[in-house]
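Engineer: I'd like to ask you about the structure that follows.
The values are calculated or read from the model by the stated rules, or taken from the named source; none is laboratory data. Because the structure is predicted, anything quoted here is derived from the model rather than measured. Positions of Cβ are backbone-derived with ideal geometry, glycine not excepted, and every protein chain shown enters the neighbour counts.
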Amino acid sequence: MSGEKVKVAIIGAGGWGAQHARIAAGRPDVDLCAITGRTPAKTRERAEQYGTRFYTEVKEMLRNEKPDLVHICLPNQQHYETTLEVIRHGVPLFVEKPLVFELQQGQHLLEEAERRNLFFAINFNHRYAKPVQLAREAAAAGKLGEIVFVSWRFGGEGSSDHPHANLIETQCHGFDLLEHLCGPIRSVMAEMTDMTGKGYSTLAVSLRFANGAVGSLLGTYDSSYSYPGTHFMEINGTAGRVTIEDTVKKYTYHPAGSEIGEIWKAGYFNDWDREFHRTFDSCYGELIEAFKKGEPPPIHASSGFRALEIAHAVIASFHSGSRVFV
């Protein structure tokens, strides 16, 4: 850090970049020094909204501002070159998911950052949803016993010119949370469909975990985020079962064999935990505290690479028609 506040620059002035700007500008321990974007008028407007400077060239921004930490929140397929540029300038960084789309690129970014001993964090904000935290606490306390099976369903509208966009840019949250809550995935078997003409926009994956548990993942861009039950997760163990509905909406726990269970839903005044975007606020708060203390990031970019590894194993399984180990 160069001062009492963390000097932060944001690269990306799009929709999710607005969340980055909102959070950074609202923290008393952060100095939002600049926003860099591709479109001058749009970037200027965003910068003026938060009382900071705007740039359209990354190198110019890095040279002039010398930020302590850079956020990268560009379109999903445009992460690699800019991330590499920031790393080569020796600046710590916080990137959006997915890390990248290609394994070789992801490995290169990790190696370059490690060579410079850089703070390199990724935003898997779903981990900070209250139901997810309660599920992790339940598992850690032994309330689930040995996990036997797990299921994940998530998806809505979406389109891309990449045939595996849903798998890589959206189901990365699924792979990350499945391992976060249930342990390492050891093998995958996959089916996909391109029947809607948008690439392989819906997929089903069978999973096997290191502890012997099995699972399933269903992901899609052929549904709607407006539907109730857009997201659902179930973790079933020898001692109990947990379900998570719409990530932030509802957590349920039942001991094995019991009709009586526990339910969490945000209370009347608890707007924070009921709002999906606030999972990012919680994620960022923990990240900034770690950065100020010189500690490793709470979620290292290597978690993004791990999700990408699983996604590429899923692709290999689909094309080969066989189980692939990860």
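Engineer: So, in region 274-297, how many residues would count as being farther than 15 Å from L69 by Cα, crowded, with 19+ Cβ neighbours inside 10 Å and either among the acidic types (D, E) or touching a Leu at 6+ places or on another chain (Cβ under 9 Å) (or both)?
Structural biologist: Residues that pass the stated criteria total 0.
Engineer: Restrict the check to region 139-159 and report whether at least one residue is part of a helix (DSSP H, G or I) and more than 20 Å from L178 (Cβ to Cβ).
Structural biologist: No, every residue in region 139-159 fails to be part of a helix (DSSP H, G or I) and more than 20 Å from L178 (Cβ to Cβ).
Engineer: A141 is checked against (1) surrounded by fewer than 17 Cβ atoms within 10 Å (Cβ to Cβ); (2) in contact (Cβ under 8 Å) with a residue 60 or more places away in the chain and fails just one. What number does that condition carry?
Structural biologist: Among (1) surrounded by fewer than 17 Cβ atoms within 10 Å (Cβ to Cβ); (2) in contact (Cβ under 8 Å) with a residue 60 or more places away in the chain, the lone unmet condition for A141 is (2).
Engineer: Looking at F124, F101 in this structure, which one is modelled with pLDDT of 95 or more, of a type in the set (A, V, I, L, M, F, W, C) and touching a Lys or Arg at 6+ places or on another chain (Cβ under 9 Å)?
Structural biologist: Just one listed residue meets the conditions, F124.
Engineer: Need the failing condition index for R27 against (1) in contact (Cβ under 8 Å) with a residue 40 or more places away in the chain; (2) closer than 17 Å to L62 by Cβ, just the number.
Structural biologist: Exception for R27: condition (2).
Engineer: In contact with a His (Cβ under 7 Å, 6 or more places away or on another chain), free of Cβ contacts under 8 Å to residues at least 12 places away in the same chain and either in the same structural domain as L178 (by TED's automatic domain parsing) or under 30 Å from E114 (Cα atoms) (or both): is that true of G261 in this structure?
Structural biologist: yes
Engineer: Also: Residue by residue through region 22-69, note down the ones that are of a type in the set (V, I, T) and either touching a Pro at 6+ places or on another chain (Cβ under 7 Å) or loosely packed, with under 15 Cβ neighbours inside 10 Å (or both).
Structural biologist: Taking region 22-69 as the starting set, the residues that turn out to be of a type in the set (V, I, T) are 23, 30, 35-36, 39, 43, 52, 56, 58.
Matches in region 22-69: T39, T56.
Engineer: Quick one: in region 113-138, which of the residues that are of a type in the set (K, R) and part of a helix (DSSP H, G or I) is surrounded by the most Cβ atoms within 10 Å (Cβ to Cβ)?
Structural biologist: Of all residues in region 113-138, those of a type in the set (K, R) come to 115-116, 127, 130, 136.
Okay, now just the ones that are also part of a helix (DSSP H, G or I), so 115, 127, 130, 136.
On the way: R115: 9, R127: 21, K130: 23, R136: 15.
If we take residues in region 113-138 being of a type in the set (K, R) and part of a helix (DSSP H, G or I), then K130 is surrounded by the most Cβ atoms within 10 Å (Cβ to Cβ).
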